[in-house]
Amino acid sequence: MDDGFLMEVCVDSVESAVNAERGGAGRIELCAGLVEGGTTPSMGLLQVVKQCVRVPVFVMIRPRGGDFLYSDREVEVMKADIRLAKLHGADGLVFGALTEDGRIDTELCTALLAVCRPLPVTFHRAFDMVHDPLVALETLISLGFERVLTSGCDSSALEGLSLIKRLAEQAKGRIVVVPGGGITERNLQRILEGSTASEFHCSARSARDSGMKFRNPNVAMGASFSAPEYSVKVADVAKVRTLNAIAKNIL
């Protein structure tokens, strides 16, 4: 973006990707399962999204919800998904992996980065689960990650703002620190001004009622914590535009 701020919108559908671009997103993070914080999308979704948008599409590589401690077989799945995502036009990749004691898994990250190259790579919010974020940041820089997405190791980017600012100051341009987590039109200005960030990450979603006329209220396809069966969350063009306008007006 010419105005100095780049907005990345995380999406889990073609409709959301199109809406994000229409609203002014500079980049899309493509996921499945946003209710779990984002998992690897299908290659069919990637293929169709790439046909429908022109902004860069970074693909989430996360084989399941839950923690970021992966088994050997899960690692094989991640490597296979990276190769397929590259084959289907991914512009960048997003992953994270930790050791059992809450440090960056340097051995696994090195192996996955090698498969990702030459594409740029973001270390996702697994960063918010690390034991020592300042040490972890230096590890990510030495490994060669281009970006790190973080809420400042707190429940939202607003709550973690002081740490996000500290990380950005420590980074000194060696890695892009991207605030993300609970960013809305109500708090974006405070987060951007308080963090000195040049990029930010949001979902900018609204709920849309299902088109189903016949509904069975006794059955749900997911666990009890999952999204309502007859409501779909999609990126909202108006919300994306509003966030974009706020970012532009700060400069």
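The values are calculated or read from the model by the stated rules, or taken from the named source; none is laboratory data. Just so it is clear, the model here is predicted, and its values are computed rather than measured. As a convention, Cβ positions derive from the backbone with ideal geometry for all residues, glycine included, and neighbour counts pool all protein chains shown. When the accessible area is computed, the model is the full protein with side chains, heavy atoms only, and any ligands, DNA or RNA have been set aside. Shrake-Rupley method; radii C 1.70, N 1.55, O 1.52, S 1.80 Å.
From the list 115, 59, which one is under 15 Å from the mean Cα position of the chain (by Cα) and on the phi < 0 side of the Ramachandran plot? Before you say what the answer is, go through the steps one by one.
Working: 115 fails: under 15 Å from the mean Cα position of the chain (by Cα).
Testing whether each residue is under 15 Å from the mean Cα position of the chain (by Cα) and on the phi < 0 side of the Ramachandran plot leaves just 59.
Taking the condition open to solvent by 60 Å² or more (accessible area, probe 1.4 Å), modelled with pLDDT of 95 or more and outside any helix (DSSP H, G or I), does residue 138 pass?
Values: open to solvent by 60 Å² or more (accessible area, probe 1.4 Å): yes; modelled with pLDDT of 95 or more: yes; outside any helix (DSSP H, G or I): no.
Considered against the rule, which asks whether it is open to solvent by 60 Å² or more (accessible area, probe 1.4 Å), modelled with pLDDT of 95 or more and outside any helix (DSSP H, G or I), residue 138 comes out as no.
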Legend entry - the stretch 111-169, residues that are more than 21 Å from residue 86 (Cα to Cα) and acidic (Asp, Glu): 128, 132, 138, 154, 159, 169
Legend entry - Qualifying positions in the stretch 105-119 - part of a loop (DSSP other than H, G, I, E, B) and surrounded by fewer than 17 Cβ atoms within 10 Å (Cβ to Cβ): 117, 118
Inset, instruction - Might you check whether a residue that is surrounded by 24 or more Cβ atoms within 10 Å (Cβ to Cβ) and on the phi > 0 side of the Ramachandran plot occurs anywhere in the stretch 150-159? - result: yes
Inset, instruction - Please verify whether the stretch 183-206 includes one or more residues that are closer than 20 Å to residue 36 by Cβ, at pLDDT below 95 and hydrophobic (A, V, I, L, M, F, W, C). - result: yes
